[in-house]
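Student: Sharing a structure with you now.
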Amino acid sequence: MKKDNARKIKVWRRKVATLAAFSRRHTVSNCTIPKVDEKNIETKDVKWGAIRIAKGLAEWNIPKEGYPQPKILRKKYKKKYYNKDGTIRKIVSHTSDYAKFPDHTFHPKGQAWFMEQIVQHKVAKWEKKNPCPIKQDDQQGDLFEEEFLVPWKQMRENAIEKFRNAVVSIYDKLPLVGRFEEKKNGLADYKEELVAEIKDKENEGHKINELKPNKSTLLKKAQKITNSVHAKRSNMVCTNLKDHKRAKGRIILPQAA
């Protein structure tokens, strides 16, 4: 009996120690969330009061007239008032409380806005590692502004261009358009059709006409798709792989198996 009790006590102590360790990790004193810097917080007046938001965030603008509420939220309701003996004294109609508040439904802003937010996040991280050498909020100019600030601005612009190209390569697939020959009344007619959309993993789609077919991963994949489509549809003449700006293209001819 003593051994069983000792074993139970040992297991119980282990459970208590585990719970205590879990509680210590999740207390306020061990919280890893950084404190809010009041210098980066601004107050904005909105329709229903005032809100505190961080500077530099995308603004959430609500039209003055507000978004229309669904009909189910605009229904009126009636409230009954009773006497002490249980009889109905009066019935008052009330409008819905939801009419006083704007609509909080999320409205998507599109892929371009999403990609730009990622770029700005990368730029903010870059600026932490490469801070500006001169304070730009001073009213008086710095003596060494051209010596330090101009090169830093050029480095920042180069970094932004690099980040934009990388983000576009990940989220913007390159269209591969096929050109097909169709004969009508003995005359040749050509029709273009989207064959595939290729993901630019190696960030090669920005200089598509400078790539070498034997080294480029993007061109090898496009050539493989072109050959497979030509094997199924023999009337395909060629394909055109366009760049991210849809301004230039690379003609790819099908190869015999």
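FYI, it's all coordinate maths here, none of it is from the lab. Please read these numbers as outputs of a predicted model, since none were measured by experiment. Cβ sites come from the backbone with ideal geometry, for glycine too, and all protein chains shown count toward neighbours.
Student: Scan the stretch 147-164 and tell me whether some residue there is touching a residue at least 12 places away in the same chain (Cβ under 8 Å) and under 18 Å from Gly249 (Cα atoms).
Tutor: No, every residue in the stretch 147-164 fails to be touching a residue at least 12 places away in the same chain (Cβ under 8 Å) and under 18 Å from Gly249 (Cα atoms).
Student: Within the stretch 207-223, identify whether any single residue is of a type in the set (A, V, I, L, M, F, W, C) and assigned to a strand (DSSP E or B), and answer yes or no.
Tutor: no
Student: Picking from Lys220, Lys245, Lys173, which residue would you name as being over 30 Å from Pro131 (Cα atoms), more than 22 Å from the chain's Cα centre (by Cα) and loosely packed, with under 15 Cβ neighbours inside 10 Å?
Tutor: Lys220
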